[in-house]
Every structure is written in C-alpha cells, then in structure tokens.
Amino acid sequence: MYDFLIIGSGLAGLSFAEIALQNNCSIYVIDDCQQNASYVAGGLYNPIILKRFSKAWQAEKQLPFALQFYRSLEQKLNRSFFHDLPILRRFFSVEEQNNWFVAADKSELSDYLSVNLISDNFNGLSAPFDFGKVNCTGFLEVASLMDSFRAYLKEQKVFSHEVFVHTELQIEKDFLIYKNLKAKHIIFAEGFGMLQNPFFSDLPLVSSKGELLLIKAPELELDQIVNAGIFILPLGDGLFKIGATYNWEDQTSLPTKSGREELLSQLDEIINCCYEVVDHYAGIRPTVNDRRPLVGTHHLYKNIHLLNGLGTRGVLVGPSMANELFQQIVNNEPVQAEANINRIYRKRGVKI
C-alpha cells in the first residue's frame, strides 16, 4: 500500500513526489512521458511580469520556497540544475524607462527592480534605450532535472513508464487499486493530458502552445538573460535558447514554420550578429483563463486529487502548489481559494 500514486512526472508531478518523499511518505509514479511541456520549457523563474512591470501572483511566497526546494533536490541528486542569473529587460522607448522607475518605487517591487539602468554594450545585441535589471531571477534546467529525478525513482523501483488507463482505476472507500498497485491517494499531474481524464476533464484547462529555438551565435557576448518580448537565455559555448511563442489554437506539440518565423523575426530586431538555428522545440502549456492553478480534491472522491494548470510559471509555482496540496491531504489544511478547484465547482453550483 503506497501513500500516493502519482500520474505524471513533469514539474507538477515531480514537485509533489519530492514533497511527499521529504515527509517520509511512500510514492509510486506512472508516466508515459508524452506531455512534454515541462521538458521543452525555457525554465525561467522570475517574480515580475515584465510586460506590465507588476509582481507575479504570490511571488514573495513562492520564490523562497522554490529556491529551497530546488537546492535541496540538487543535493539529493548530486547534480546542478538551478542557476541564479539576472534578467535584463530591454527597453523599447524612454517611456518604458519612465514606467520602470515608477514601478521600482513601489514597495512590493523595490526588492526586484533595480533603479540603476544597465547601459553595457553586449557585442551582437542592440539596446538603444538600455536595460532594467530584475533581481532574484534565473533558470532551471528542467529537462535535466526531470531525467535525473526519473532515474532516481527507477532506482528505487517506484516508476513505471506506461500509459495510465483511467478506466482500470478501482475506487474504494479508503484506498484505490490500479492493476497490482494499492494506494491511499492518487494525484493526477498530467498537464494537458487532463482533458482525457474522466474525473477532471470538465475543468477549464486551456492549451497554450509554446515554441522555442536553440541557436548558436559565437559573436553574441551575453552572460545574462535578456527579455525583449522574447527571451534570450545563454547556455554557454555560444548556445542560446530563444522563446517563446503563444498559440491558443494549435493543440499539437509539433514545431511549426510559423512559430520559427515569428521567433526569428523578433530575434533579428534585437541582435545584429550571425547565428544558426540548431534545434526547434514545441510543447503545450496547461493554462487556465483566470491565470491560477487547478489544485485540490475531487468533489465526490476524497482520495482523488489534482495538481495542474501551472501555466508559464511552473518553475516558480509548482513546488508551493504541490506543498499546499500535500498539506490539504495530510493535515487537512485547505488549498487557498484562488488556486483551489472548488472555485470552479462553486461557480457551477456544486455543493462542496
């Protein structure tokens, strides 16, 4: 009898699995590794919404929790995945500079937005209006972390690479049975695959397809992340990750010519050096129209739970949301109302 059967090992499933293990609970993870949004993600963490110069939802709580969580995972797996690296917001006008200073003067943003503009001339990068520096930022090597964590689970013999068949799940009062496995609770962390889950497919998950490029630009001398509508993430050895697009119509995870052209068009407006495209990625982000995760317990089955809808900020949001779900299940501490799936049920008149 396992404490938790976890379906999915992207950022959501990985986060819950590790939280459970940290609390001495037994787990078993099943994943067919078909939902690749986490795998191809840019991996940036950033407490600021740079389009509006505003603080991301609960960043002041989520950021320190995420930092501690990933540092602990690095020690556990004896690998380095988590990198502190400033984000430089490239300004497009003097007006944007002025808006930056107004935002930086706000108490909730002053710790994150530097009032000292960066006027460094990075070889290969055009920035006529300078940069604003965002503190407390960086990136996570998501794919490497997921590969290492899955390898760890396989060593512990608690991971199965297979398709989960929802109709084979037997629900009892105090436990569940799936094939030859028994568990007290099941956590669905399937990403966009939730739309095929009979227990939660009625929830308002929407797809946001994102595409990224890997380029090689030896002449681009950049050692910090740049945000300029798209992001430029230095990986070393002249390699840079470029992203990302947002497509709300295409629900395939295949790279497209239009996505590539969109990224290259924006990139050509920012850099003025030669480069070559090395690779092209695409994935489907699980998002929600109200921009809040879908976390909580099924309104009929109290041992069936959901962790989904992390959207574009999964690196930042995932660990704290996983912890909230764990605390609800184990210690009866409710998931906060803004993220709780009960908000959806109540709007529909379902009695909770």
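The values are calculated or read from the model by the stated rules, or taken from the named source; none is laboratory data. Note that the structure is predicted; figures quoted are calculated from it, not measured. Ideal geometry is used to build each Cβ from the backbone, glycine not excepted, and the neighbour counts take in all protein chains shown. These area figures cover heavy atoms from the full protein model, side chains too; ligands, DNA and RNA do not enter into them. Shrake-Rupley method; radii C 1.70, N 1.55, O 1.52, S 1.80 Å.
Quick notes on this one:
- Expressed as a fraction of 2.2 N^0.38 Å, the value expected for a compact globular protein of N residues, the C-alpha radius of gyration of segment 105-192 is 1.99.
- Eigen-decomposition of the gyration tensor built on the alpha-carbon atoms of the chain gives equivalent ellipsoid semi-axes of 37, 22, 19 angstrom, largest listed first.
- Note: segment 41-141, Cα convex hull, 117 Å³ per residue.
- Exposed-site-free run, longest, the chain (rule: trypsin sites (Lys or Arg not before Pro); DSSP loop; at most 10 other C-beta within 10 Å): 174-347
- For the chain, averaging the sequence separation of C-alpha pairs within contact (under 8 Å, six or more residues apart) and dividing by the residue count gives a relative contact order of 23 percent.
- Here segment 185-302 has an Rg and Dmax of 18.1, 59 Å, counting Cα atoms alone.
- Filter on Lys182/Lys209; Lys51/Lys209; Lys184/Lys209; Lys76/Lys133; Lys61/Lys184; Lys106/Lys133 - keep pairs with C-alpha separation over 27 Å: Lys182/Lys209; Lys184/Lys209; Lys76/Lys133; Lys61/Lys184
- Antiparallel DSSP beta bridges within the chain, as percent of all bridges there, nearest 5: 75 percent
- Rolling a 1.4 angstrom probe over the protein heavy atoms with all chains in place gives the chain an accessible area of 46 Å² per residue.
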